[in-house]
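The values are calculated or read from the model by the stated rules, or taken from the named source; none is laboratory data. Computed from a prediction, not measured in an experiment: that's the story for all the values here. Methodologically, a virtual Cβ is constructed for each residue, glycine included, from the backbone with ideal geometry; neighbour enumeration extends over all protein chains shown. Only protein heavy atoms, including side chains, enter the accessible area calculation; ligands, DNA and RNA are left aside. Shrake-Rupley method; radii C 1.70, N 1.55, O 1.52, S 1.80 Å.
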Amino acid sequence: MNQSNKLSKTMKTAKLITFEGIDGAGKSTHIPFVVSLLETAGHTVVSTREPGGTELGEQLRALLLHQSMHLETEALLMFAARREHIAQVIAPALERGDWVVSDRFTDASFAYQGGGRKLALAKLEALEKWVHPDLQPDLTLLFDVPLEVARSRLDAARDPDKFEQEKADFFANTRAEYLRRAAEFPARFRVINSNRPIEEIQAELSGIVQSL
Ligand SMILES: Nc1ncnc2c1ncn2[C@@H]1O[C@H](COP(=O)(O)OP(=O)(O)O)[C@@H](O)[C@H]1O
Ligand SMILES: Cc1cn([C@H]2C[C@H](O)[C@@H](COP(=O)(O)OP(=O)(O)O)O2)c(=O)[nH]c1=O
């Protein structure tokens, strides 16, 4: 949690860490590793994901990943799932003093719906202000790879969902918006070069987690 005078003392010690990147960048591969580092350091960790993380959110995820819909419907459902996720999972965990690791959060809406699909960023900013005016990640790990590397990893790994079937220019715009946000919010973003052996990435992640 960042600076909100409404936050309790416990909440200030707990942290929200988000993982971001285009599909196939490798972020999900590293979540269990970071969670175990945090647990070894003595934290209780809630590991969750978006869209999803709640019963309702997982139902919305199934729609979002497989059903075509109007761009604004997609953005609204992402934030509806997020509202539920914050109410049921993220805020209570931080309130207890637990750390939260989320596989994607609002930066993904800016990158995919804003960058990829070209929804006006002002609309996403309005939704962000509505849904979580006082909450921002403490740390956002952005896993960055060239598009062709991400694509070849995906092709080898799984059947594509709705987003993963998008063309190269969609992911070029998604990646560009992620990198633009990383430059806009340098205090919380760390850009990880994910086009390296997993062990090298883990060594960098260990250093980052230690510095928390
Ligand atoms: N650094 C890496 N080098 C090679 N392959 C990787 C690397 N990181 C992840 N992968 C592989 O790429 C695929 C996609 O990784 P995943 O973590 O699911 O990506 P994301 O969650 O970013 O979509 C998986 O098969 C994974 O094993
Ligand atoms: C959270 C979020 C995700 N997404 C997209 C990005 C991904 O393509 C997709 C699902 O997330 P992802 O974490 O990539 O799931 P998986 O690795 O299991 O495929 O949802 C958005 O478009 N906007 C959002 O706000």
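Kindly flag which residue pairs out of K118/K167; K15/K129; K15/K123; K27/K167 have an alpha-carbon separation exceeding 23 Å in this structure. Could you put the intermediate results ahead of the total?
Working: K118/K167 14 Å; K15/K129 20 Å; K15/K123 27 Å; K27/K167 20 Å.
Over 23 Å Cα-Cα: K15/K123.
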### Query
When ligands, DNA and RNA are left out and all protein chains stay put, how many square angstrom of accessible area per residue does the range 3-211 have with a 1.4 Å probe?
48
### Task
Subtracting the Cα-Cα distance from 0.36 nm times the residue separation, let me have the gained length for N193 to L56 in nm, one decimal.
45.9 nm
### Message
Give me the Å³ per residue figure for the convex hull around the C-alpha atoms of the range 91-206.
### Response
137
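Heavy atoms only, probe 1.4 Å: what % of the accessible area of the chain goes to carbon and sulfur, would you let me know?
Details: 5400 of 10080 Å².
Here carbon and sulfur together make up 54 percent of the probe-accessible area.
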## Note on the structure
For the range 204-212, in residue order, the Karplus 3J(HN,Hα) values (coefficients 6.51, -1.76, 1.60; θ = phi - 60°; whole Hz; Gly and Pro = x) are 5, 4, 4, x, 5, 5, 4, 6, 6
### Share of Cα-Cα pairs in the range 3-211 lying beyond 31 Å, as whole percent
15
### Task
Quickly work out the A126-to-A157 label distance, labels modelled 7 Å from Cα along the C-beta direction, and quote it in nm with one decimal.
3.5
## Note on the structure
Which residues qualify? For I192, with a placed amide H closer than 5 Å and at least 5 residues away or on another chain, they are L142, F143, D144
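Around L63, under 13 Å between beta carbons, what's the net of Lys plus Arg minus Asp minus Glu among the other residues? Don't skip to the answer; put the middle values down first.
Numbers: positive: R61, K162; negative: E58, E74, D161.
Here the charged neighbours net out to -1.
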